[in-house]
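This report refers to the structure that appears directly beneath it.
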Amino acid sequence: MNKLLDIYSDYLIAQNQYATAVGISDLLEGRISHDKITRFLNGEELASKELWEYVKPELRKIEEDRGGVLIIDDTIEEKTYTDEYDMKKKFVFGIKANRLIALSEEDRKKGQYQNLNTLQLKDREKRIVWLKDVSFPVALITKIFKNEDGSTGILYLITNDLESSADRIYEVYQKRWRIEEYHKSIKQNTSLEKSPTKVVRSQKNHIFASIVAYCKLEFLKTKTSLSHFGIKYMLLMKANRAAFLELERWWFNQGVF
C-alpha cells in the first residue's frame, strides 16, 4: 500500500490538472496500469490511524530536533439555542463588520442591536457584548492594522474567554493562521479538489493521499527552507524547462519526436 500511496501522493504534488488514474499511468509510461491505481483508490479505506502510521517516523525525527505543537481545527455550527454550558472549550474567531450586537444584556432582551461597524472602537479594545441569536455574552476584541496599500483594516474577534486580555486573545488567534495555510496549500498544491471520481471510497482515499502529499511538502519545507508554493513553483519550472527543450528538439528534428 505504501508504495502506491507514495507514487499517487507524489503525483498529486507534481500534476496541475485533474488527478486521474489514466493520467498517472501515462506519466509513468504504463509502468503502473490505470486499473491498479483505480483498485488502490477503491480498496481499503485509509483514515487517521493509517495517516499517523505513515507520517510518524518523520515526525518523530523533527520532534527530536526541534520539538513541536499540535494544532487542531474544530468547527462549531452556530444555533439559536446554543447555551453557554454547551461550550466546553474556549474559542476565538473573526466576525464580519455587519454583525448585529447588543452592548448589554438589557439591550439584548429588548432586541436593541446595532451594526458592529457603527461603533467607534480603539485598537486592542476589549468589550463584553451579545451577538444576535447567541444567548451568552462574548468578548469582542478590535485589532486595527495597516494594509500594504496604506489603507486601514479592522479585524473583529470574538471569544467566550471573558477573562484573558485582548493581547493574549490576539496572540492565540494568530497561532491558528497555520490552519488557514494548511487549507490553502492542500487545495492549491496537492490536488485535493481535482479528482473526477464519483465513488465515495475512492474520493475518501484521494483526500487521504492529498493530506499525505501535504505532509510530504511540509517535510520538504523543513529540509529546503522553501515554502509549499516555492517547492511547487520549482517543480513547475523544471517541468516547463523540460517541455521547452523538448519542443526545441522537435523543431530541430522537423516535427519528429
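If only residues of the stretch 59-102 that are within 28 Å of LEU217 (Cα to Cα) and either touching a Pro at 6+ places or on another chain (Cβ under 6 Å) or of a type in the set (A, V, I, L, M, F, W, C) (or both) are counted, the one that is modelled with the lowest pLDDT is VAL69.
Looking only at the stretch 246-257, decide whether some residue is touching a residue at least 40 places away in the same chain (Cβ under 8 Å) and not aromatic (Phe, Trp, Tyr). So far as the stretch 246-257 goes, no, none of its residues is touching a residue at least 40 places away in the same chain (Cβ under 8 Å) and not aromatic (Phe, Trp, Tyr).
Here's the yes/no breakdown for (1) at pLDDT 90 or above; (2) in contact with a Leu (Cβ under 6 Å, 6 or more places away or on another chain); (3) surrounded by 18 or more Cβ atoms within 10 Å (Cβ to Cβ):
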{"position": "LYS132", "(1), (2), (3)": "yes, yes, no"}
{"position": "ASP167", "(1), (2), (3)": "yes, no, no"}
{"position": "VAL172", "(1), (2), (3)": "no, no, no"}
{"position": "THR190", "(1), (2), (3)": "yes, yes, yes"}
{"position": "LYS198", "(1), (2), (3)": "no, no, no"}
{"position": "ALA213", "(1), (2), (3)": "yes, yes, yes"}
{"position": "LEU217", "(1), (2), (3)": "yes, no, yes"}
{"position": "THR224", "(1), (2), (3)": "yes, no, no"}
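Only a single item in (1) out of contact with any helix residue (DSSP H, G or I) (no Cβ under 9 Å at 6 or more places or on another chain); (2) modelled with pLDDT of 90 or more is not met by GLN120, and it is number (2).
Only one residue in ALA47, ALA14, ALA21 is touching a Ser or Thr at 6+ places or on another chain (Cβ under 6 Å) and within 18 Å of ALA213 (Cα to Cα), so which one is that? Step through it out loud before you land on a result.
On the way: ALA47 fails: touching a Ser or Thr at 6+ places or on another chain (Cβ under 6 Å); ALA14 fails: touching a Ser or Thr at 6+ places or on another chain (Cβ under 6 Å).
So the residue among ALA47, ALA14, ALA21 that is touching a Ser or Thr at 6+ places or on another chain (Cβ under 6 Å) and within 18 Å of ALA213 (Cα to Cα) is ALA21.
Of the residues that make up the stretch 205-217, is at least one assigned to a helix (DSSP H, G or I), within 21 Å of VAL55 (Cβ to Cβ) and free of Cβ contacts under 8 Å to residues at least 60 places away in the same chain? Yes - at least one qualifying residue is present in the stretch 205-217. Within the stretch 219-238, track down each residue that is in a helix (DSSP H, G or I), under 30 Å from LYS61 (Cα atoms) and of a type in the set (A, V, I, L, M, F, W, C). Once the filter is applied, which keeps residues that are in a helix (DSSP H, G or I), under 30 Å from LYS61 (Cα atoms) and of a type in the set (A, V, I, L, M, F, W, C), the stretch 219-238 yields PHE219, LEU220, PHE229, ILE231, MET234, LEU235, LEU236.
Against the test of being exposed (fewer than 11 other Cβ atoms within 10 Å of the Cβ) and either in a helix (DSSP H, G or I) or in contact with a strand residue (DSSP E or B) (Cβ under 6 Å, 6 or more places away or on another chain) (or both), the options GLU50, GLU44, GLU29, GLU64 yield a single qualifying residue, GLU64. Only a single item in (1) modelled with pLDDT of 85 or more; (2) more than 11 Å from the chain's Cα centre (by Cα) is not met by ILE186, and it is number (2). Only a single item in (1) assigned to a helix (DSSP H, G or I); (2) among the basic types (Lys, Arg); (3) in contact (Cβ under 8 Å) with a residue 24 or more places away in the chain is not met by ARG241, and it is number (3).
The values are calculated or read from the model by the stated rules, or taken from the named source; none is laboratory data. Keep in mind it's a predicted model, so treat the numbers as computed, not measured. Here the Cβ is made from the backbone with ideal geometry for all residues, glycine too, and neighbour counts use every protein chain on show.
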